[in-house]
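Reading through the structure tokens given below for one structure.
The values are calculated or read from the model by the stated rules, or taken from the named source; none is laboratory data. Every value quoted in this text rests on a predicted model; they were computed, and no experiment measured them. Reconstructed Cβ throughout: ideal geometry from the backbone, glycine too, with neighbour counts over all protein chains shown.
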Amino acid sequence: MRTACERLQNRPEVRESRRQFLKQCLTGCAVGCVAIAAPGMSVDAFAVRPQHPIVKTNPKRALVIWNSQTGHTRRIGRMIRHVWEKAGLAVTGSDYRKIETATINQYDLIAIGTPVHYANVPVQLQEWIKTLPSIEGASVAAFVTYGGNGNGQHNTACGLLEQMTSIGGAPAGMGLFGNMSTFAPTWSTGNVRRILAFRDRPNEDTYQQARAFAETILDNVAQGRTFTIKREFGLDSLVGMLPQIAITKLMITNHHIDPDLCIRCGTCVGDCPVAVIRLETGSVNTKRCIACMACINNCPTQAMKMNFLGKPVYGFKEFLKRHRIEIIEPPELSA
Ligand SMILES: Cc1cc2nc3c(=O)[nH]c(=O)nc-3n(C[C@H](O)[C@H](O)[C@H](O)COP(=O)(O)O)c2cc1C
């Protein structure tokens with residue numbers, strides 16, 4: 001039976017004021033952190049830098065690469081590939097981890113995509129880009145998928161383009177694609193409504209936006225129109241400066257594999273971007289874990305366990321199942 005205190009805590013007005021309180025704390029923290037960081041921080045982060053011009057206005061070989069944990073970004077990447085192939089380009093499309101990095105300078109045009117994680121480009125993708133050789137001469141486009149109302153999606157796409165242009169790419173554009181969020185702690189701690197508000201995303205509008213984005217990039221490249229990378233300054237950018245992974249990890253406990261549920265398929269090990277899961281012992285090196293939720297979101301048997309603020313976390317696949325949500329694929333990809 002629920003106590004009077006629990007009943008009071010669950011009343012909508014109490015939950016709302018708790019949300020407001022948390023938001024104010026977060027904003028306060030962000031402003032505080034930025035104030036502390038400010039002396040060493042350069043306003044340069046928001047300055048517009050001169051960029052490499054687009055030189056190959058008639059691209060022949062293109063590469064579409066994606067970092068995707070639950071499929072939202074992969075789907076957009078495959079759609080871009082489809083449009084570019086129809087336009088006559090020879091296109092390679094792939095998960096970034098399968099790309100031979102030394103071959104990346106063979107392409108005239110590169111699109112790179114990622115989900116937003118903690119208002120930023122996921123750390124493992126940032127690290128991967130740092131290993132790439134020069135791509136001078138190629139044009140680059142960034143596509144970013146984000147959850148719900150979004151948090152930091154614009155600056156994440158800018159960050160991705162900045163990194164790709166720092167190794168010689170000429171920026172041709174960026175696209176932001178909204179989806180249902182895959183941040184498992186949100187629904188697992190009871191905030192289901194916030195996720196379900198976007199249960200129809202991606203939808204045909206998202207797909208139309210992806211097709212138009214792919215066309216626009218081709219057009220920008222053909223016209224030699226270099227895209228201006230300009231970060232936005234606001235609450236999102238302040239929140240993006242917080243050590244969000246470390247803060248999130250403070251709320252995570254009990255992260256391990258339940259041996260009774262594990263079928264030893266190795267999905268979690270394959271999906272973990274920082275190789276911290278050991279099937280033999282059912283353990284997770286939580287010190288090195290980056291709280292990306294790939295293991296939780298993709299485990300087919302819910303054997304991967306984690307508590308967030310004391311509540312058991314369940315993954316995206318299970319969330320879709322519980323709410324009978326089926327993502328309708330764009331027709332060109334199901335053909
Ligand atoms: C660990 C994690 C952190 C996330 N952080 C953000 C965020 O800061 N802002 C946002 O808009 N969406 C965030 N999301 C939602 C994802 O960006 C979004 O659902 C994305 O479309 C997932 O793409 P994927 O299926 O290709 O992995 C986060 C998701 C996860 C799993």
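Taken as a whole, the condition of being modelled with pLDDT under 90 and not assigned by TED's automatic domain parsing to the domain that holds GLU215 applies to ILE36. For the range 52-73, the condition holds for no residue, the condition being that it is farther than 15 Å from ASP219 by Cα, among the hydrophobic types (A, V, I, L, M, F, W, C), part of a loop (DSSP other than H, G, I, E, B) and within 25 Å of the chain's Cα centre (by Cα). Which ones in the range 154-179 are polar (S, T, N, Q) and either outside the structural domain of TYR96 (by TED's automatic domain parsing) or surrounded by 23 or more Cβ atoms within 10 Å (Cβ to Cβ) (or both)? Passing the criteria: ASN155, THR156, ASN179.
So is VAL83 away from the ligand (no atom under 15 Å from the Cβ), assigned to a helix (DSSP H, G or I) and modelled with pLDDT under 50 or not? Here the answer is no, as VAL83 does not meet what is asked.
Taken over the range 97-125, the criterion of being within 12 Å of the ligand (Cβ to nearest atom) and in a helix (DSSP H, G or I) is satisfied by VAL123, GLN124, LEU125.
Among the residues of the range 206-219, some residue qualifies, meaning at least one is out of contact with any strand residue (DSSP E or B) (no Cβ under 7 Å at 6 or more places or on another chain), within 15 Å of the ligand (Cβ to nearest atom) and at pLDDT 95 or above.
Could you please let me know if THR248 is assigned to a strand (DSSP E or B) and among the hydroxyl-bearing types (Ser, Thr, Tyr)? Spelling it out, it is not the case that THR248 is assigned to a strand (DSSP E or B) and among the hydroxyl-bearing types (Ser, Thr, Tyr). Tallying residues that are away from the ligand (no atom under 16 Å from the Cβ) and farther than 21 Å from VAL91 by Cβ within the range 148-164 yields 2. Scan the range 211-268 for residues that are among the small types (Gly, Ala, Ser) and surrounded by 18 or more Cβ atoms within 10 Å (Cβ to Cβ) and the total you get is 3. Checking ALA197, ALA222 one by one, the residue that is in the same structural domain as THR73 (by TED's automatic domain parsing) and either of a type in the set (S, T, N, Q) or under 19 Å from PRO115 (Cβ atoms) (or both) is ALA197 and no other. Residues in the range 133-147: is at least one within 16 Å of the ligand (Cβ to nearest atom), surrounded by fewer than 21 Cβ atoms within 10 Å (Cβ to Cβ) and either within 12 Å of the chain's Cα centre (by Cα) or basic (Lys, Arg) (or both)? Among the residues of the range 133-147, not one is within 16 Å of the ligand (Cβ to nearest atom), surrounded by fewer than 21 Cβ atoms within 10 Å (Cβ to Cβ) and either within 12 Å of the chain's Cα centre (by Cα) or basic (Lys, Arg) (or both), which makes the answer no. Residues that are in contact (Cβ under 8 Å) with a residue 40 or more places away in the chain and either among the charged types (D, E, K, R) or more than 18 Å from MET251 (Cβ to Cβ) (or both) within the range 270-294 comprise ASP271, PRO273, VAL274, listed in sequence order.
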